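S.K.: Supplied in structure tokens, the structure appears directly below.
The values are calculated or read from the model by the stated rules, or taken from the named source; none is laboratory data. On a predicted model such as this, the values are computed, not experimentally measured, just so you know. Positions of Cβ are backbone-derived with ideal geometry, glycine not excepted, and every protein chain shown enters the neighbour counts. Accessible surface areas use protein heavy atoms only, side chains included; no ligands, DNA or RNA. Shrake-Rupley method; radii C 1.70, N 1.55, O 1.52, S 1.80 Å.
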Amino acid sequence: RRVHGGSSLCVCHICVVFFLLSSSPLAVTDRLGGSHQRSHFYPMGNCRSWRASRYKANVEKESTRPTASLPLPGDDIVTCIAPSYNDNEFFCGGDDRLVRLYDFATGEIVRTYAGHKHCINQIVASSRGGQEVFFTAARDTTIKQWRKHETESLQTFHGHELTVQSITASTDASCLFSGSRDNTVRLWDVTTGKNISQVNISQNLPTVVRWLPNENAAVQCSEDLVLRIWDLSGGQIKIAQQMSGATNIPLCCDISADGRYILTGSKGFDGVGTEAKIWDRRMEKVLREFHGHEQAIEGCVFLESSRTGFHQNLIATASKDKGIRLWNSDSGEQLTLQQPSNSPLTSLSSSVQSNGSVLLFAASTQPSVHVFNVNSQHTLQLLTQSAVS
């Protein structure tokens, strides 16, 4: 059975983070699959910061050759990438308005989906009624639902007035939550396609939204530097919690399986404001920062050790500085720096395959897509990629 993390990333952007924490075991429910899992977390205590040394980083630029090559994902920037529920498959979308389904084991593009009129900002895979479906958010102000095996969209959600920046689905895919540059967040009934609730806050420009596991609630990051938790119970959107402490715009986030920890990646330049942060909802503060990237972090995901079998707790980040970094989330030590291409990275997501292997999926502006295996030595093995200069 597949277990997925994220991507979410926000996902017109790419910042990805694996978060493997361990302490006293907490029973949780898998966000996507709904089965009971065990996760482990260390209480972080006071905020700690680690700045990576460029001299000590384990840089793996071409340490592992890809086992196969993939067809190019069109001629335009790839903005988002997300794993399918099936082993060896993933979706990607971008500026050419198309979604492509790849099988990286065969090196083929299995299917291409057309329907949006402008750039695709995010893809969210889910399961509904025993069938794999996925949702897309785009700059054409719409959200679409698709069946994996059909190239025509199943449904279009209308209501936003500007680009839909991010979407997230409830565990059973019965509801969607979206954030747009029209300053609104909206709740949608997937069955009817209707917008059942919305909130408009001045200067609240959402960058990413993520559904909280085991709760009828969602996290939203925005350009006003406030992290908001929205209560979505009863079909209404109500503010439940707000956290301040972001000094730069969060471009992506992921959530731990128990819903307590939030991981964000920030927009910055030349090493300033380019950090990843772990937030504690109960303590309502930043627990730890990770410095090292030189440009904006564009996507983040995390996986618990119960899912990966690793003995250390890890996070992974991907950035416009062309690097994917793997960190020890407890010590703050940077473990690996991988530079898969000569172009900025735009998205990162993760998946645990049925054989237990932990994969990272990355996209870039080149355009290109890359698939990595995260091995037990906490390094990244490049499995396959599209053409790279």
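S.K.: Which number in (1) on the phi < 0 side of the Ramachandran plot; (2) at pLDDT 95 or above marks the one condition that G159 misses?
M.R.: (1)
S.K.: Quick one: how many residues across segment 67-104 are more than 18 Å from the chain's Cα centre (by Cα) and among the hydrophobic types (A, V, I, L, M, F, W, C)?
M.R.: Final tally of qualifying residues: 5.
S.K.: Being at pLDDT below 90 and assigned to a loop (DSSP other than H, G, I, E, B) is the filter here, so list the residues in segment 275-310 that pass it. If you could, list the steps in order and put the result at the bottom.
M.R.: To start, the set of residues in segment 275-310 that are at pLDDT below 90 comprises 300-310.
If the condition is that a residue be at pLDDT below 90 and assigned to a loop (DSSP other than H, G, I, E, B), then F302, L303, E304, G309, F310 are the ones that fit.
S.K.: Is there any pair with a first residue in segment 277-301 that is without any contact (Cβ under 8 Å) to a residue 40 or more places away in the chain and a second that is outside any loop (DSSP other than H, G, I, E, B) whose Cβ atoms are under 6 Å apart and which are 6 or more apart or on different chains, and what are they?
M.R.: What qualifies is K277/T264; K277/V286; K277/E289; H293/S319.
S.K.: Select from segment 371-388 the residues that are assigned to a strand (DSSP E or B) and either open to solvent by 20 Å² or more (accessible area, probe 1.4 Å) or without any contact (Cβ under 8 Å) to a residue 40 or more places away in the chain (or both) and list them in ascending order. Show your work before the answer.
M.R.: Taking segment 371-388 and keeping what is assigned to a strand (DSSP E or B), we get 371-374, 380-386.
Hits for segment 371-388 are N373, Q381, L383, Q385.
S.K.: Looking only at strands (runs of 3 or more DSSP E) that fall completely inside segment 185-262, which ones have 1 or more residues that are surrounded by fewer than 22 Cβ atoms within 10 Å (Cβ to Cβ) and out of contact with any Asp or Glu (no Cβ under 6 Å at 6 or more places or on another chain)?
M.R.: On the way: elements: 194-200, 206-211, 217-222, 227-231, 238-243, 250-255.
In segment 185-262, 194-200, 227-231, 238-243 are the strands (runs of 3 or more DSSP E) which contain 1 or more residues that are surrounded by fewer than 22 Cβ atoms within 10 Å (Cβ to Cβ) and out of contact with any Asp or Glu (no Cβ under 6 Å at 6 or more places or on another chain).
S.K.: Between S180, S126, S166, which is modelled with pLDDT under 95, open to solvent by less than 20 Å² (accessible area, probe 1.4 Å) and not hydrophobic (A, V, I, L, M, F, W, C)? Write out each step before concluding.
M.R.: Values: S180 fails: modelled with pLDDT under 95; S166 fails: modelled with pLDDT under 95.
Result: S126 is the single residue among S180, S126, S166 that is modelled with pLDDT under 95, open to solvent by less than 20 Å² (accessible area, probe 1.4 Å) and not hydrophobic (A, V, I, L, M, F, W, C).
S.K.: Something else: Could you give every pair whose Cβ atoms fall below 8 Å, whose first residue belongs to segment 174-195 and is among the basic types (K, R), and whose second residue is open to solvent by 40 Å² or more (accessible area, probe 1.4 Å) and at pLDDT 95 or above, counting only separations of at least 6 or pairs across chains?
M.R.: Pairs found: R181/L162; R186/N195; R186/Q198.
S.K.: Whether any residue in segment 142-160 is within 27 Å of G259 (Cα to Cα), assigned to a loop (DSSP other than H, G, I, E, B) and either out of contact with any strand residue (DSSP E or B) (no Cβ under 8 Å at 6 or more places or on another chain) or in contact (Cβ under 8 Å) with a residue 40 or more places away in the chain (or both) is what I want to check.
M.R.: Checked segment 142-160: no residue is within 27 Å of G259 (Cα to Cα), assigned to a loop (DSSP other than H, G, I, E, B) and either out of contact with any strand residue (DSSP E or B) (no Cβ under 8 Å at 6 or more places or on another chain) or in contact (Cβ under 8 Å) with a residue 40 or more places away in the chain (or both).
S.K.: What number of residues within segment 311-366 satisfy the criterion of being outside any loop (DSSP other than H, G, I, E, B), among the small types (G, A, S) and at pLDDT below 90? Spell out how you get there, then give the answer.
M.R.: From segment 311-366, those outside any loop (DSSP other than H, G, I, E, B) are 314-319, 324-328, 334-338, 345-352, 358-364; that's our starting set.
Imposing the further condition that a residue be among the small types (G, A, S) reduces the set to 316, 318-319, 347, 349-351, 362-364.
Add one more test, that the residue is at pLDDT below 90, and what stays is none.
Total satisfying the criteria: 0.
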